[in-house]
Amino acid sequence: MKRRLLIFLSLCLLLTPTLADAEQKSNWPHWRGPNGNGLVDQGDPPVEWDETRNIRWKVKIPGTGYATPLVWGERIFVQTAIQTEKAVEGADAGGRSAPPYFFQYSVLALDRRNGEVLWERMVREAHPHEGMHPTASFASTSGATDGERLYAYFGSQGLYCFDLDGNLKWEKDLGKARIARSFGEGSSPTIYGNALLINWDHEGDSFIVALDKLTGEELWHNERDERTSWSTPLVVEHKGKHQVIVSASKRTRGYDLASGKLIWECAGLGANVVPMPLHANGVVYVTSGHRDPAMQAILLDKAKGDITGSDAVLWSIHQDTPYVSSPILYGGRLYFMKNRYSTLSCYDAETGEALYGPQRLEGMKDVYASLVGVKDRVYISGLGGTTLVIKNGPEYEVLASNKLDEPIGASPVMVDDELYLRGNEHLYCIAKDE
């Protein structure tokens, strides 16, 4: 009876924003930022930099990881996977098998002012049960924070709730995901109200789950008829109700946040769905770009039941869409990469018509990082170490091209007048020279 009461109270709090929700505008609590879409409403980070200009500090991060750093107040949180010298006897290191070593899965808290490590917690030492794509890492899933708790998420290696001083509050093992072709894991959790939402699409029994963020207990659990996807849930409010929207290869689906009940579904995307959905003005934008590339604009007013092929789909396109990088929607314009290439397109979000592109980005290499924007500027980081800054507008205009000495696979982070870029080895704080 006590457990039922606790779950009921948690459900009542699901839709209640907290004080931290209002404060997060000046922080970076989720890998897609304070608005969940890569855009920030304030601040003025640099437009130009290199290894000798506008670098406030540069700190080496142990191990590897593409997890996006999180920022709250004066602290930065970074997830990483550190290979040890502890070997696994009889392990097969061929192909995409897991490397024959144990890894330490760790989270670090850094001082935002100077990059000093405030605390480090190893949450698990384990041999990965699968391998990964050559461009992935064993710490590609990003965590989340609500300003009171930090949720460090390593997929099959567990979910860990800390306070911001590094004290473990609870942990949860969701199982072992079997990822298609051992590409590696990448979906990240989303927080709304009292719910922590996780999409678990893999080559086994897929599901989406809502956990009580205070205790880790399940609020609801919904099975999904899906193979592997890497998409992160998006919560939107529409006509006073909240939906959890998750895109995937078979169907994009909208669930009721309070109960987990399926509201609508729509087929039409290709395989290996990675980008997170976007939402604006009652329209949801979903995309995939591996095989059979596609992008759809879905009108929530008409989204009920199976809407495949209906007029609830305002428009769709089938070329030049992103495989890994998530787009941004900025002032009615959709910006997105083609596949993993350094090729950009800009579309009118209302009509689905191209404004420009596909436009080759000179000096750029493959793009895995998601796009971010501030002050009518769009920032695009690539594996070649270059970040291109372009103007938000109907015509292609480059404001700056900035080169660092190492690849950038994690998504950029912008807080106030600072830009944080996580390279393969270092975390950079980019700010105007004083």
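The values are calculated or read from the model by the stated rules, or taken from the named source; none is laboratory data. For clarity, every value in this text was computed on a predicted model and none was experimentally measured. Using ideal geometry, Cβ is built from the backbone for each residue, glycine included, and neighbour counts are taken over all protein chains shown. When the accessible area is computed, the model is the full protein with side chains, heavy atoms only, and any ligands, DNA or RNA have been set aside. Shrake-Rupley method; radii C 1.70, N 1.55, O 1.52, S 1.80 Å.
If we keep just the residues of the range 181-206 that are farther than 22 Å from residue 36 by Cα and of a type outside the set (Ser, Thr, Tyr), which is surrounded by the fewest Cβ atoms within 10 Å (Cβ to Cβ)? Walk me through it before giving the result.
In the first step, residues of the range 181-206 are kept if they are farther than 22 Å from residue 36 by Cα; the result is 181-184, 202-206.
Now restrict to residues that are of a type outside the set (Ser, Thr, Tyr): 181, 183-184, 202-205.
Details: 181: 14, 183: 20, 184: 24, 202: 23, 203: 13, 204: 14, 205: 11.
Looking at the filtered set, the residue picked out is 205.
Which count do you get for residues in the range 289-308 that are among the small types (Gly, Ala, Ser), under 23 Å from the mean Cα position of the chain (by Cα) and in a strand (DSSP E or B)?
Of the range 289-308, the ones among the small types (Gly, Ala, Ser) are 289, 294, 297, 303, 305.
Then drop every residue that is not under 23 Å from the mean Cα position of the chain (by Cα), which leaves 289, 294, 297.
Restricting the remaining residues to those that are in a strand (DSSP E or B) gives 294, 297.
Adding up the residues that qualify gives 2.
Only one of (1) under 30 Å from residue 341 (Cβ atoms); (2) touching a Cys at 6+ places or on another chain (Cβ under 9 Å); (3) open to solvent by less than 10 Å² (accessible area, probe 1.4 Å) is not met by residue 253, so which one is it?
Of (1) under 30 Å from residue 341 (Cβ atoms); (2) touching a Cys at 6+ places or on another chain (Cβ under 9 Å); (3) open to solvent by less than 10 Å² (accessible area, probe 1.4 Å), only one is false for residue 253: (3).
Residue 364 is checked against (1) assigned to a strand (DSSP E or B); (2) crowded, with 18+ Cβ neighbours inside 10 Å and fails just one. What number does that condition carry?
That leaves (1) as the condition not met.
Could you tell me which of the residues 388, 404, 383, 399 is within 25 Å of residue 276 (Cα to Cα), more than 18 Å from the chain's Cα centre (by Cα) and of a type in the set (A, V, I, L, M)? Show your work before the answer.
On the way: 404 fails: within 25 Å of residue 276 (Cα to Cα); 383 fails: more than 18 Å from the chain's Cα centre (by Cα); 399 fails: within 25 Å of residue 276 (Cα to Cα).
Testing whether each residue is within 25 Å of residue 276 (Cα to Cα), more than 18 Å from the chain's Cα centre (by Cα) and of a type in the set (A, V, I, L, M) leaves just 388.
Within the range 109-134, track down each residue that is over 20 Å from residue 77 (Cβ atoms) and open to solvent by less than 40 Å² (accessible area, probe 1.4 Å).
126, 128, 130, 131, 133
So, of the residues in the range 210-236 that are part of a strand (DSSP E or B) and farther than 25 Å from residue 150 by Cβ, which turns out to be most open to solvent (accessible area, probe 1.4 Å)? Quick ask: steps written out before the conclusion?
Just the residues of the range 210-236 that are part of a strand (DSSP E or B), to begin with: 210-212, 218-224, 234-236.
Filter once more, so that each one left must be farther than 25 Å from residue 150 by Cβ: 222-224.
On the way: 222: 39, 223: 150, 224: 14 Å².
The qualifying residue most open to solvent (accessible area, probe 1.4 Å) is 223.
With respect to residue 280, is the statement that it is in contact with a helix residue (DSSP H, G or I) (Cβ under 9 Å, 6 or more places away or on another chain), touching a residue at least 12 places away in the same chain (Cβ under 8 Å), more than 19 Å from residue 319 (Cα to Cα) and surrounded by fewer than 21 Cβ atoms within 10 Å (Cβ to Cβ) true?
Working: in contact with a helix residue (DSSP H, G or I) (Cβ under 9 Å, 6 or more places away or on another chain): no; touching a residue at least 12 places away in the same chain (Cβ under 8 Å): yes; more than 19 Å from residue 319 (Cα to Cα): yes; surrounded by fewer than 21 Cβ atoms within 10 Å (Cβ to Cβ): yes.
So residue 280 does not fit the description; no.
When the residues of the range 44-85 are narrowed to those that are among the aromatic types (Phe, Trp, Tyr) and outside any strand (DSSP E or B), which ends up surrounded by the most Cβ atoms within 10 Å (Cβ to Cβ)?
Here is the first cut: in the range 44-85, the ones among the aromatic types (Phe, Trp, Tyr) are 49, 57, 66, 72, 77.
Subsequent filtering for residues that are outside any strand (DSSP E or B) retains 49, 66.
Values: 49: 24, 66: 26.
Per the stated criteria, the residue is 66.
Within the range 318-349, track down each residue that is out of contact with any Phe, Trp or Tyr (no Cβ under 9 Å at 6 or more places or on another chain) and among the acidic types (Asp, Glu).
Hit for the range 318-349 is 348, nothing else.
In the range 380-434, which residue that is of a type in the set (A, V, I, L, M), part of a loop (DSSP other than H, G, I, E, B) and open to solvent by less than 10 Å² (accessible area, probe 1.4 Å) is nearest to residue 113 (Cα to Cα)? Lay out the reasoning, then the answer.
Of the residues in the range 380-434, the ones of a type in the set (A, V, I, L, M) are 380, 383, 388-390, 398-400, 404, 408, 410, 413-415, 419, 421, 427, 430-431.
Subsequent filtering for residues that are part of a loop (DSSP other than H, G, I, E, B) retains 383, 404, 410, 431.
Still in the running and open to solvent by less than 10 Å² (accessible area, probe 1.4 Å): 404, 410, 431.
On the way: 404: 21, 410: 21, 431: 11 Å.
Taking the candidates together, the pick is 431.
Do you know which residues across the range 237-250 are buried (at least 19 other Cβ atoms within 10 Å of the Cβ) and either assigned to a strand (DSSP E or B) or in contact with a helix residue (DSSP H, G or I) (Cβ under 6 Å, 6 or more places away or on another chain) (or both)? Steps first, answer last, please.
Of all residues in the range 237-250, those buried (at least 19 other Cβ atoms within 10 Å of the Cβ) come to 243-249.
Listed by number, the residues that qualify are 243, 244, 245, 246.
Quick check, is residue 97 over 21 Å from the mean Cα position of the chain (by Cα) and touching a residue at least 40 places away in the same chain (Cβ under 8 Å)? First the steps, then the outcome.
Numbers: over 21 Å from the mean Cα position of the chain (by Cα): yes; touching a residue at least 40 places away in the same chain (Cβ under 8 Å): yes.
So residue 97 fits the description; yes.
Filter the range 151-180 for residues that are in contact with a Gly (Cβ under 7 Å, 6 or more places away or on another chain) and open to solvent by 10 Å² or more (accessible area, probe 1.4 Å) and give the result.
Passing the criteria: 170, 171, 172, 173, 178.
Considering only the range 309-319, state which residues are outside any strand (DSSP E or B) and farther than 19 Å from residue 291 by Cβ.
Taking the range 309-319 and keeping what is outside any strand (DSSP E or B), we get 309-312, 318-319.
Across the range 309-319, the qualifying residues are 309, 310, 311, 312.
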